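Below: one structure, written as structure tokens.
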């Protein structure tokens, strides 16, 4: 009978140490798709560019931001079974279906704390795996709601294969010749797929063509150029 009463007492203690069970799912990477249309000029409108600046920039960029659910600890915490070390990175374990909160693990993946997507604490107590699910422990407080515990690692940017951009950069004037560079970007917008150095003699014509782009030069010096994009 004593053993039975002890078991009941232990069960009551466990119930007192935990509260509600959130409706959670395993964390999966968040993917956000974005589009950018780029154009720094208007056809037929006078423009000005200095040496090193883009005379023409045009493109359509589509990319996905993929958040892998890794969080960089901004402080060290040791509370009950929950331990994180400042400077280390910890994984998101679960997501709360009700409010979008994220449960981030520590040195032990059987426990975690609840933060928002920016790493601010949403619940003051530690969560742990218990019979019935992932529960908060009323006896273990990890911090104050609104306190920033983590910083999410930057999302990975993945460009769509049909993304493109082209640009014309003014490089100055020497005598009657103006110099420019033409760059094309495809998919990986950070690295040009094609590069060409160009030179045009303004005595021959004040209209220059760079691939499909036609530009009329109004005046040019070694420092700046005034021009009109006639066709793109």
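Just so you know, all these numbers are worked out from the coordinates, no wet-lab data involved. Remember, it's a predicted structure, so these values are computed and weren't measured experimentally. For neighbour counting, all protein chains shown are included, and Cβ atoms are generated from backbone atoms with ideal geometry for every residue, glycine included.
Taking 0.890 mPa s as the viscosity and 25 °C as the temperature, the Stokes-Einstein diffusion coefficient of segment 159-202 based on its alpha-carbon Kirkwood radius rounds to 214 µm²/s.
Nearest 500 deg cm²/dmol is fine: what mean residue ellipticity at 222 nm does the chain get from its DSSP H runs of n ≥ 4 alone, each adding -39,500 (n - 2.57), divided by its residue count?
Details: 1 runs with 16 residues, N = 232.
After summing the helix terms and dividing by the residues of the chain, the value is -2500 deg cm²/dmol.
Expressed as an acute angle from 0 to 90° and rounded to the nearest 10, what is the orientation of the C-alpha long axis of helix 2-17 relative to the principal long axis of the chain? Computed tilt is about 30 degrees. Using C-alpha pairs under 8 Å with a sequence gap of at least 6, the mean separation divided by the residue count of the chain gives a relative contact order of 21 percent. The structure-derived value of semi-axes √(5λ) of the Cα gyration tensor in Å appears in the list (1) 63, 16, 13; (2) 26, 22, 18; (3) 50, 19, 14 under the label (1). Measuring between their Cα centroids, segment 26-68 and segment 83-157 lie 35 Å from each other.
Evaluate Rg over Rh across segment 67-152, taking Cα atoms for both radii and Kirkwood's formula for Rh. Intermediate values should be presented prior to the final figure.
Numbers: Rg = 11.4 Å, Rh = 12.4 Å.
Using only Cα positions, Rg/Rh for segment 67-152 is 0.91.
Note on residue 72 and residue 97: the model spin-label points, each 7 Å out from Cα along the C-beta direction, lie 3.4 nm apart.
Do you know the relative contact order of segment 111-232, to the nearest whole percent, from alpha carbon pairs under 8 angstrom that are 6+ apart? Could the numbers behind the result be given before it?
On the way: 223 pairs, mean separation 18.2, N = 122.
This gives 15 percent for segment 111-232.
Fewest neighbouring Cβ atoms within 10 Å first, the residues 55, 126, 47 line up as 47, 55, 126. In the elastic network of the chain, a GNM with C-alpha springs shorter than 10 Å, the most mobile of 200, 185, 159 is 200.
Contour minus end-to-end for residue 157 and residue 25, with contour as 0.36 nm per residue of separation and end-to-end as the Cα-Cα distance?
Values: separation 132, 0.36 × 132 = 47.52 nm, distance 2.48 nm.
Computed gain between residue 157 and residue 25 is 45.0 nm.
By the Stokes-Einstein formula, at 0.692 mPa s and 37 °C, segment 107-232 with its Kirkwood radius over alpha-carbon pairs has D equal to 164 µm²/s.
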